[in-house]
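Down below is the structure, laid out as structure tokens.
Every read-out reported here was derived from the displayed coordinates using simple, explicitly stated rules and does not represent laboratory data. Being a predicted model, the structure only gives us computed values, none of them experimental. Every residue, glycine among them, receives a Cβ derived from its backbone with ideal geometry; neighbour counts consider all protein chains shown.
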Amino acid sequence: MPLKNSATYYGPVTRFLHWSVFILFIWQYLSAAIMTHLARDQTLLALMQGDFYNWHKSIGLMLLVLALARLIWRKTTPLPDWAPVLSPAERVFSHWNEVRLYWCMFLLPLSGYLFVMAGGFGVKLFGLYDLPNPIGKQGGLAATMMAAHIVLSYAAVVFIAWHVSIGLQHHWLEKDGFLNRMLPFRRP
């Protein structure tokens, strides 16, 4: 089975990177909701609030690495041709939205990292290793990055919703099999 994309389908590497980022983004939103609403002495799924924060920060950095891998793979591996079922307007919009999703994939973890480092919170990578803080505590930077992180997270939700909605519209309403190009475990 070829690992690269074909003229009509996304290859297994592209699919893996796409769905890995998607699943981890879902985790990030769920963990953010949990960690900001869970009391310090409460547990959920055998994790305390601090554990959720550490996992959120660790997975954020993992997402940054995956985003970089996606970008490198994208730049070195040709994409399939546009799906013939997409109108010219849908192609323009999809490209515009995809660019913004890539920006979010990079800026969300970077703003989160800068927030926790400048805020003096630090990162204990997967609860095992304290990452060094190269910038030190800086209150103004921390506040700015916290605001950016929150705004970017809401923007990402909008961009993801648009991305998903066009795929579902074509696949379920127009029944043109559009999502088969990217769904895991579907063969061309």
Relative to the longest principal axis of the C-alpha atoms of the chain, give the angle of the C-alpha long axis of helix 49-76, reported between 0 and 90° and rounded to the nearest 10°. 40
Compute the long axis of helix 139-168 from its Cα atoms, compare it with the longest principal axis of the Cα atoms of the chain, and write down the angle in degrees, 0 to 90, nearest 10. 20
Bin width 10 Å, origin at 0, all Cα-Cα pairs of the chain: what percent of pairs per bin? 8, 31, 32, 19, 10, 1
Let me spell out the model: positive unit charges on the Cβ of Lys and Arg, negative unit charges on the Cβ of Asp and Glu, origin at the Cα centre of region 70-166. What dipole size does that give, in debye rounded to 20? 160
Using alpha carbon centroids, what distance separates region 124-188 and region 1-28, in Å? 14
Going Cα to Cα from Lys124, which aspartates and glutamates come in below 12 Å? Please leave out same-chain ones fewer than 8 positions away. Asp51
Projected onto the charge dipole of region 25-178 (unit charges on the beta-carbon of Lys, Arg, Asp and Glu, signs +1, +1, -1, -1), the Cα from Phe25, Leu108, Asn97 with the largest positive-side position is that of Leu108
Value at 222 nm in deg cm²/dmol, rounded to 500, when DSSP H runs of n ≥ 4 in the chain each add -39,500 (n - 2.57): -22000 deg cm²/dmol
To test your reading of the geometry: what angle, between 0 and 90 degrees and rounded to tens, separates the Cα axis of helix 12-37 from the longest principal axis of the chain? 40
